[in-house]
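K.L.:
Below is one structure. I have some questions about it.
The values are calculated or read from the model by the stated rules, or taken from the named source; none is laboratory data. Everything numeric here is computed off the predicted structure, so don't read it as measured data. Neighbour counts are summed over all protein chains in view; Cβ atoms, including those assigned to glycine, are modelled from backbone coordinates with ideal geometry.
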Amino acid sequence: MKIHIKHAFCSSSGSYDSSCDIQRIVAEHLAGLTGEGHESILEIGTGTGIYTRLLNKKFCVPAVCVDIAENLLAKAALSCPENLYICGDGECLPVQGEYSLVTGSSALQWFQNPKESIPAMLKHLKKGGEFAFSVFVEGTFIEMSILNQMTGFGSVYSLPKEDEFSAIFESCGVSVNRSVNEYVLHFESVSEFLKKQKGTGATFSGKDKITSKASYKKFLELYPELFGEDGKIPVTYRILYITGKK
């Protein structure tokens with residue numbers, strides 16, 4: 001499964017930055033939730049550096065940046081060369097030592113074994129250190145989920161439930177603060193939304209993608225018919241922000 005996720009993101013290196021509307025919004029909010037004065041930072045799921053640049057600007061220290069997709073890391077390194085970039089799996093971190101801030105934006109929903117990998121990740125947090133993450137949770141793409149049941153097109157990746165994900169952090173013996181924000185972005189057409197989604201590389205659903213032209217056509221017809229607002233189509237995202245200290 002991870003190899004498919006990696007391939008999808010690597011293939012998006014040329015289109016990610018122009019497609020990641022919701023990821024930019026989420027990264028900016030998460031950066032505002034982090035505390036001050038961190039002297040060492042470990043970032044999980046760096047991508048092309050959308051969140052990384054905000055961290056560098058806020059803390060003025062180089063970060064250790066980990067991502068599974070080497071093509072995206074290469075782009076991040078061009079804009080923020082002061083950081084250390086490591087291609088690796090966030091669930092099996094190829095790093096040593098402890099950090100005053102362990103953080104990541106829009107990445108942890110891809111973890112396959114979070115009950116094991118999140119406690120392991122938090123072992124890299126210094127005592128008194130801070131963690132801060134944003135996670136896409138269940139309820140994201142609710143419109144597409146409904147249409148998938150009706151048409152067979154548009155399968156949605158199974159996202160974590162906010163309560164279950166929060167409980168993993170709470171079981172690690174750390175203080176936990178959480179909030180959930182719902183965002184609704186509007187697109188000129190269904191095709192524009194699908195193109196943007198493909199452009200971010202977040203296309204792996206873990207489900208059979210074999211569909212007919214008829215189901216795709218029905219999807220395009222029903223989306224604006226059932227959910228259209230003032231000539232545009234809405235897309236719902238639910239984001240869990242989870243922060244705390246060790």
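K.L.:
Hey, among 78, 73, 84, which residue is surrounded by fewer than 16 Cβ atoms within 10 Å (Cβ to Cβ), among the aliphatic types (A, V, I, L, M) and farther than 21 Å from residue 123 by Cβ?
P.N.:
Working: 73 fails: surrounded by fewer than 16 Cβ atoms within 10 Å (Cβ to Cβ); 84 fails: farther than 21 Å from residue 123 by Cβ.
Only one candidate qualifies: 78.
K.L.:
Would you mind telling me which numbered condition in (1) free of Cβ contacts under 8 Å to residues at least 12 places away in the same chain; (2) acidic (Asp, Glu); (3) not in a helix (DSSP H, G or I) residue 182 fails?
P.N.:
(1)
K.L.:
Based on this model, can you work out whether residue 138 counts as among the charged types (D, E, K, R), free of Cβ contacts under 8 Å to residues at least 60 places away in the same chain and surrounded by fewer than 20 Cβ atoms within 10 Å (Cβ to Cβ)? Working first, answer last.
P.N.:
Numbers: among the charged types (D, E, K, R): yes; free of Cβ contacts under 8 Å to residues at least 60 places away in the same chain: no; surrounded by fewer than 20 Cβ atoms within 10 Å (Cβ to Cβ): yes.
Answer is no for this residue.
K.L.:
Got at least one residue in the stretch 154-170 being surrounded by 13 or more Cβ atoms within 10 Å (Cβ to Cβ), in a strand (DSSP E or B) and charged (D, E, K, R)?
P.N.:
For the stretch 154-170, residues surrounded by 13 or more Cβ atoms within 10 Å (Cβ to Cβ), in a strand (DSSP E or B) and charged (D, E, K, R): absent.
K.L.:
Would you confirm, using the coordinates I've provided, whether residue 28 is acidic (Asp, Glu), surrounded by fewer than 18 Cβ atoms within 10 Å (Cβ to Cβ), at pLDDT 95 or above and touching a helix residue (DSSP H, G or I) at 6+ places or on another chain (Cβ under 8 Å)? Walk me through it before giving the result.
P.N.:
Values: acidic (Asp, Glu): yes; surrounded by fewer than 18 Cβ atoms within 10 Å (Cβ to Cβ): yes; at pLDDT 95 or above: yes; touching a helix residue (DSSP H, G or I) at 6+ places or on another chain (Cβ under 8 Å): yes.
Considered against the rule, which asks whether it is acidic (Asp, Glu), surrounded by fewer than 18 Cβ atoms within 10 Å (Cβ to Cβ), at pLDDT 95 or above and touching a helix residue (DSSP H, G or I) at 6+ places or on another chain (Cβ under 8 Å), residue 28 comes out as yes.
K.L.:
Something else: Could you list, in sequence order, the residues of the stretch 229-244 that are over 16 Å from residue 197 (Cα atoms) and either hydroxyl-bearing (Ser, Thr, Tyr) or exposed (fewer than 15 other Cβ atoms within 10 Å of the Cβ) (or both)?
P.N.:
Residues satisfying the conditions are 229, 230, 231, 241, 243.
K.L.:
Tell me the residue from 48, 52 that is over 21 Å from residue 245 (Cβ atoms), out of contact with any Leu (no Cβ under 9 Å at 6 or more places or on another chain), of a type in the set (Ser, Thr, Tyr) and crowded, with 24+ Cβ neighbours inside 10 Å, please.
P.N.:
Numbers: 48 fails: out of contact with any Leu (no Cβ under 9 Å at 6 or more places or on another chain).
That would be 52, the only listed residue that is over 21 Å from residue 245 (Cβ atoms), out of contact with any Leu (no Cβ under 9 Å at 6 or more places or on another chain), of a type in the set (Ser, Thr, Tyr) and crowded, with 24+ Cβ neighbours inside 10 Å.
K.L.:
Another question, then. Restricting to the stretch 171-191, what's the tally of residues that are surrounded by 14 or more Cβ atoms within 10 Å (Cβ to Cβ) and under 29 Å from residue 246 (Cβ atoms)?
P.N.:
5
K.L.:
Looking at (1) free of Cβ contacts under 8 Å to residues at least 24 places away in the same chain; (2) within 22 Å of the chain's Cα centre (by Cα); (3) farther than 19 Å from residue 9 by Cβ, which one does residue 225 not meet, given that it meets all the others?
P.N.:
Checking residue 225 against (1) free of Cβ contacts under 8 Å to residues at least 24 places away in the same chain; (2) within 22 Å of the chain's Cα centre (by Cα); (3) farther than 19 Å from residue 9 by Cβ, the one that fails is (2).
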